[in-house]
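Asker: Dropping a structure here in structure tokens format, bear with me for questions.
The values are calculated or read from the model by the stated rules, or taken from the named source; none is laboratory data. These numbers were taken from a predicted model, which means no experiment stands behind them. As a convention, Cβ positions derive from the backbone with ideal geometry for all residues, glycine included, and neighbour counts pool all protein chains shown.
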Amino acid sequence: MLFFLELIGTIAFAISGAIVGIQKKMDIFGVAILAMTTAVGGGIIRDIILNITPPAAFREPVFTIIGIVVGIVVFFSAKKHFQVRNQIFYEVLLRNMDSLGLGLFTVIGIETAYTYVAETNVYLAVFVGVITGVGGGVMRDVLAGNMPYIFTKHFYACASLIGAVICSLCWSYLDSISSMLLGAVIIIVLRNMAAHYRWSLPKIE
């Protein structure tokens, strides 16, 4: 089940990374690298924080390879269909894939913290979960020359934080999979509601 969730999250984040690369008019290599970075970046940061060395992305390259393959597939698919009139479609797809990846990787980060660190408390679990969830997207945006989503977009990191807190608090009362699914669903729903209703944190215009 955990492998299945991580697989879905990897594909979702890889798609979001590839779309950003295409929007930036990168070549196939750039799109593939951006897809891979988005897919495994958060996990690498998570493993470094938890002193899991080398990070899982280098010990088990299956998710790295999946990220690259997904990027290439999206590149060739978009090469035929990426036109001005389809921009809205790609924006919606980017938001949905990013939300899905954010939700799944946040709770996977929490599960990793509880598995590898015996003295894990709620604070550490939440911190690692949020870093895992947003890390790949931040790396994607920096490489693409964009302001990271967590600083500008609708309720992005806050959705991850809320879901991570709920998942961590439920860890002692529910089984791990139920806690993870609950946290992931809350994050995905919050992200999509924030985008639909244009929820944003206060900022100086």
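Asker: Just to be sure before I move on: is ILE48 touching a Lys or Arg at 6+ places or on another chain (Cβ under 9 Å), over 12 Å from GLY136 (Cα atoms) and surrounded by fewer than 21 Cβ atoms within 10 Å (Cβ to Cβ) in the structure I sent?
Answerer: Working: touching a Lys or Arg at 6+ places or on another chain (Cβ under 9 Å): no; over 12 Å from GLY136 (Cα atoms): yes; surrounded by fewer than 21 Cβ atoms within 10 Å (Cβ to Cβ): yes.
The answer is no for ILE48.
Asker: Between a first residue in the range 46-66 that is outside any helix (DSSP H, G or I) and a second residue that is of a type in the set (Val, Ile, Thr) and surrounded by 13 or more Cβ atoms within 10 Å (Cβ to Cβ), which pairs have beta carbons less than 7 Å apart while being 6 or more apart in sequence or on different chains?
Answerer: Hits for this filter: LEU50/THR112; LEU50/VAL117; LEU50/VAL128; PRO55/ILE44; PRO55/ILE48.
Asker: Would you check if THR115 is hydroxyl-bearing (Ser, Thr, Tyr), over 26 Å from PHE75 (Cβ atoms) and touching a Ser or Thr at 6+ places or on another chain (Cβ under 6 Å)?
Answerer: Working: hydroxyl-bearing (Ser, Thr, Tyr): yes; over 26 Å from PHE75 (Cβ atoms): yes; touching a Ser or Thr at 6+ places or on another chain (Cβ under 6 Å): no.
Considered against the rule, which asks whether it is hydroxyl-bearing (Ser, Thr, Tyr), over 26 Å from PHE75 (Cβ atoms) and touching a Ser or Thr at 6+ places or on another chain (Cβ under 6 Å), THR115 comes out as no.
Asker: Still on this structure, please answer the following. Take SER99 and tell me if it is more than 18 Å from the chain's Cα centre (by Cα), in a helix (DSSP H, G or I), at pLDDT 85 or above and on the phi < 0 side of the Ramachandran plot. Show your work before the answer.
Answerer: Details: more than 18 Å from the chain's Cα centre (by Cα): no; in a helix (DSSP H, G or I): yes; at pLDDT 85 or above: yes; on the phi < 0 side of the Ramachandran plot: yes.
So SER99 fails the test.
Asker: With (1) surrounded by fewer than 20 Cβ atoms within 10 Å (Cβ to Cβ); (2) at pLDDT 90 or above as the list, and ALA159 as the residue in question, which single condition is left unmet?
Answerer: (1)
Asker: Ok, one more. Return a yes/no flag: does the range 80-91 have any residue that is among the β-branched types (Val, Ile, Thr), in a helix (DSSP H, G or I) and modelled with pLDDT of 90 or more. Give the derivation first.
Answerer: Within the range 80-91, the first condition is being among the β-branched types (Val, Ile, Thr), and the residues that meet it are 84, 88.
Subset that is in a helix (DSSP H, G or I): 84, 88.
Imposing the further condition that a residue be modelled with pLDDT of 90 or more reduces the set to none.
No, the range 80-91 contains no residue that is among the β-branched types (Val, Ile, Thr), in a helix (DSSP H, G or I) and modelled with pLDDT of 90 or more.
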